[in-house]
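The values are calculated or read from the model by the stated rules, or taken from the named source; none is laboratory data. Treat the numbers as computed from the prediction; the structure is a model and nothing was measured. Every residue, glycine as well, gets a Cβ built from its backbone with ideal geometry; the counts of neighbours run over all protein chains shown. Accessible surface areas use protein heavy atoms only, side chains included; no ligands, DNA or RNA. Shrake-Rupley method; radii C 1.70, N 1.55, O 1.52, S 1.80 Å.
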Amino acid sequence: METDRPIKALFERQGQSLLPFIGEHRAGVRVTAVESVELPALKRTIDSVLRLERDGLAWYRHVEFQAEKDPGIPRRCFEYNSRLILHYDAAVLTTVLYLLPGADEGVPDALRLYVGDWLAYEWRFDVVRLWELDAENAFQSGEAGPLALVPLLRGGDEPSRVLEAVRRLDAMPRPQAADAMSVLLDFAAQRYDRATFLNVLGKDRAMQSWLWQMGVDEGEARGEARGEARGEARGEARGEARGELKAVRQMCSDLVKEFHPRSATVLLRAIGACNQPETLRTWALQCAKLSDEAFVTLVTGKPPARTGRSRATRPSRRAAAKRR
């Protein structure tokens with residue numbers, strides 16, 4: 001299950017609303033920065049580090065996301081915690097956020113070192129198991145971050161709960177809810193089989209999120225690389241636009257090959273010539289719904305040419321004589 005990318009993005013953009021879901025329950029705490037930290041020497045990237053402040057005091061919360069069983073978590077988190085303390089020269093608390101049942105099986109919640117039977121050293125960390133948190137907590141928060149976690153929470157496998165989370169995110173302004181919606185759909189797609197996922201959420205919504213997020217990701221990556229290389233904001237914007245166009249065009253082409261192989265030649269030519277991402281998205285969303293003839297008409301503006309010509313029949317001499 002691919003979880004690292006969406007969950008990291010969610011914490012980067014929705015960290016404040018997710019504090020109760022990582023064991024941070026102190027009132028008045030606010031997130032002032034979220035980083036994905038690469039420590040020197042080891043060249044390991046830590047999942048997420050949130051800078052927290054209250055009453056003029058600052059400390060850090062290191063969060064490790066775990067979807068699969070890993071007996072080495074205590075030792076790894078101790079190493080990360082120690083190095084983060086040295087890195088920030090400040091207090092760092094660690095939470096292991098288990099995403100799926102079974103990921104915590106047999107894994108201790110502390111690093112313990114023994115000398116014989118004597119417990120010589122113990123370093124504990126906080127543990128949160130998402131499936132033990134009721135989905136109702138996310139609805140009560142009313143915020144985008146917790147709503148995105150609904151498919152992983154207790155009761156989140158009920159279609160009505162997922163649909164309610166989708167409905168609430170749909171009602172929020174797009175900049176606030178778009179990332180959370182994409183993460184929710186990603187988690188739901190991995191918890192449900194394909195047929196159930198499409199029946200519950202609908203093909204249009206799933207594809208819209210998929211296409212939109214893919215375009216954004218491609219555009220951001222290309223735009224950032226070009227913008228940094230040239231040192232120009234204009235280069236970044238141009239790169240983002242080109243990346244998005246390329247990603248959506250590729251997705252539209254793939255869908256055509258899947259659903260309309262007989263008309264692929266004329267359709268792929270039209271898709272390759274289209275430079276409007278919104279038009280390509282519209283075509284992609286209609287691709288699986290329309291017949292070959294209807295889809296070719298939508299994309300090219302004219303119905304497909306018929307491959308076979310009907311032969312005109314000549315009247316027989318007897319029929320001609322009767323008419324005389």
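At a probe radius of 1.4 angstrom, the accessible area of the stretch 37-93 per residue rounds to 51 square angstrom. Among the GluC sites (Glu not before Pro) in the stretch 91-193, those placed in a DSSP loop whose Cβ has at most 10 other Cβ atoms within 10 Å are Glu105. For the stretch 23-129, a crude dipole built from +1 on the beta carbon of Lys and Arg and -1 on the beta carbon of Asp and Glu, taken about the Cα centre, is about 160 debye to the nearest 20. Heavy-atom surface analysis with a 1.4 Å probe gives the stretch 1-75 a carbon and sulfur content of 45 percent of its accessible area.
For the stretch 3-85, treating each Cα as an identical point scatterer without solvent, what Debye log10 I(q)/I(0) comes out at q = 0.14, 0.21, 0.24 1/Å? Normalising to I(0) and taking log10 leaves -0.50, -1.08, -1.32. Between the stretch 59-89 and the stretch 134-160, what's the alpha-carbon centroid distance in Å? If we compute the Cα centre of each part, the gap is 26 Å. Sorting His260, His87 by accessible area puts them as His87, His260; the probe is 1.4 Å, largest comes first, and only protein heavy atoms count.
Please report, as a whole percent, how much of the solvent-accessible surface of the stretch 132-171 comes from carbon and sulfur atoms (probe radius 1.4 Å).
Answer for the stretch 132-171: carbon and sulfur cover 42 percent of the accessible area.
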